[in-house]
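*Asks:* Sharing a structure below in structure tokens format, with a few things to ask.
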Amino acid sequence: MLGYVTIGVKDMGRAEGFYNALLAEIGAKQLFGQDRIKFYGTGPEDSMLAVCIPYDEEEAQPGNGCMVAIPGGSREGVDKLYAKAMELGATDEGEPGERLPIFYGAYVRDLDGNKLCFFEMKM
């Protein structure tokens, strides 16, 4: 349903280090990009996450009420992503745990304050 989601970053080198290491945990990698924007995923036919320096040259700001949810594949995968994000300097926004009987998730903010959710959902 989604092609890609873009989040703003302030320092591309720092963001690349964070997302290269974090997304490798789920088999994703940097697929392509330019100086100001990098796209991550498992392939261009799948949903992607893009990180970019804003084109309007204003400072990147995390959106209020915006969050990017990244599937962990399993509860163990969620735990692993959360631990890796924390190791990379993310800020805790909610440790891994069951939120609903069908939903297990963890929440962090990346190095620029963008909110991420790692989740497993079983319907």
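*Asks:* I want to confirm something. Restricting to the range 98-123 and keeping residues that are of a type outside the set (V, I, T), out of contact with any helix residue (DSSP H, G or I) (no Cβ under 9 Å at 6 or more places or on another chain) and outside any strand (DSSP E or B), which single residue is surrounded by the fewest Cβ atoms within 10 Å (Cβ to Cβ)?
*Replies:* M123
*Asks:* Using the structure shown, decide if D56 is surrounded by fewer than 18 Cβ atoms within 10 Å (Cβ to Cβ), more than 15 Å from the chain's Cα centre (by Cα) and not aliphatic (A, V, I, L, M). If you could, list the steps in order and put the result at the bottom.
*Replies:* Working: surrounded by fewer than 18 Cβ atoms within 10 Å (Cβ to Cβ): yes; more than 15 Å from the chain's Cα centre (by Cα): yes; not aliphatic (A, V, I, L, M): yes.
So D56 passes the test.
*Asks:* Here's another thing I want to ask about it. When both residues are 6+ apart or on different chains and their Cβ atoms are under 7 Å apart, which pairs have a first residue that lies in the range 97-112 and is farther than 23 Å from E87 by Cβ and without any contact (Cβ under 8 Å) to a residue 24 or more places away in the chain, and a second that is part of a strand (DSSP E or B) and among the aliphatic types (A, V, I, L, M)?
*Replies:* Sorted first by the residue in the range 97-112, then by its partner, the pairs are I102/M121; F103/M121.
*Asks:* Output the strands (runs of 3 or more DSSP E) that fall wholly within the range 1-97 and possess 3 or more residues being closer than 20 Å to E120 by Cα and not hydroxyl-bearing (S, T, Y), or say none. Give the derivation first.
*Replies:* Numbers: elements: 4-8, 29-33, 37-41, 48-52, 68-71.
Ranges flagged: 68-71.
Read the figures in this text as sums done on the coordinates, not as results from a lab. All values reported here derive from a predicted model rather than from experimental measurement. So basically every Cβ, Gly included, is an ideal-geometry build from the backbone, and we count neighbours across all protein chains shown.
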